[in-house]
Amino acid sequence: MDKFQLFRYLREQDQVLDSVEDTLDWISYRTEPRFPEAIQKDLVNLVDAVIDPIEELNRMVIEARKYFETFSEKQRSVVKEIIRNLRKQEHEADGLEDLLKEKIFHMETDGVTVFHTVRLVEYVGSIADHAENAGDMMRAMMAR
């Protein structure tokens, strides 16, 4: 494995946590961080959808470690399946993010709320994006 692949993988792992931090920071910028009732459930669904890839990353690391200890083809297949699942979960989160942004732009509310909420949704979505990127980097490290 190329050391730069490892560095890129670690960078994406770090970006997952940075995106979580950015999300929390963004929420704190509003003194009244309430979200319009019309999107509260959708926002919770997006957060739930983003948690799945984070949990899948944990599974991927555990299984990848086993692969790098044994270089077993069976273990390689397990990790590749986890990475495929990660990509699927990220795609689902992207879909929820897009629907939520469309819904926000059609709400009757002030511009600051629209901007703050859309940007928040983008921050939350970026968590899943970086999780998928970490999976892609792991796939590259396992390539023969």
- Out of region 92-118, which residues are of a type outside the set (A, V, I, L, M), farther than 18 Å from LYS41 by Cβ, part of a helix (DSSP H, G or I) and more than 15 Å from the chain's Cα centre (by Cα)? GLY111, PHE115, HIS116
- Just give me the residues in region 61-90 being over 25 Å from LEU17 (Cβ atoms), surrounded by 17 or more Cβ atoms within 10 Å (Cβ to Cβ) and of a type in the set (S, T, N, Q), in sequence order. GLN75
- Could you count how many residues in region 19-60 are free of Cβ contacts under 8 Å to residues at least 24 places away in the same chain and either surrounded by 14 or more Cβ atoms within 10 Å (Cβ to Cβ) or part of a helix (DSSP H, G or I) (or both)? 13
- Query: Got at least one residue in region 125-134 being assigned to a helix (DSSP H, G or I), among the β-branched types (Val, Ile, Thr), in contact (Cβ under 8 Å) with a residue 60 or more places away in the chain and crowded, with 20+ Cβ neighbours inside 10 Å?
  - Reply: yes
- Query: Within region 80-106, can you find the residues that are of a type in the set (A, V, I, L, M) and more than 19 Å from ILE51 (Cα to Cα)?
  - Reply: ILE104
- Message: Tell me yes or no: at least one residue of region 113-133 is among the hydrophobic types (A, V, I, L, M, F, W, C) and over 21 Å from ASP25 (Cα atoms).
- Response: no
- Item | Residues being of a type in the set (A, V, I, L, M, F, W, C) and under 12 Å from TYR67 (Cβ atoms) - total across region 128-142 | 3
- What residue, among those in region 1-18 that are surrounded by fewer than 15 Cβ atoms within 10 Å (Cβ to Cβ) and among the aromatic types (Phe, Trp, Tyr), is farthest from ILE104 (Cα to Cα)? PHE4
- Would you tally the residues in region 1-22 being hydroxyl-bearing (Ser, Thr, Tyr) and more than 12 Å from the chain's Cα centre (by Cα)? 1
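Just so you know, all these numbers are worked out from the coordinates, no wet-lab data involved. If you're wondering where the values come from, they're calculated on a predicted model, not measured in any experiment. Cβ: placed from backbone, ideal geometry, glycine included. Neighbour counts: every protein chain shown.
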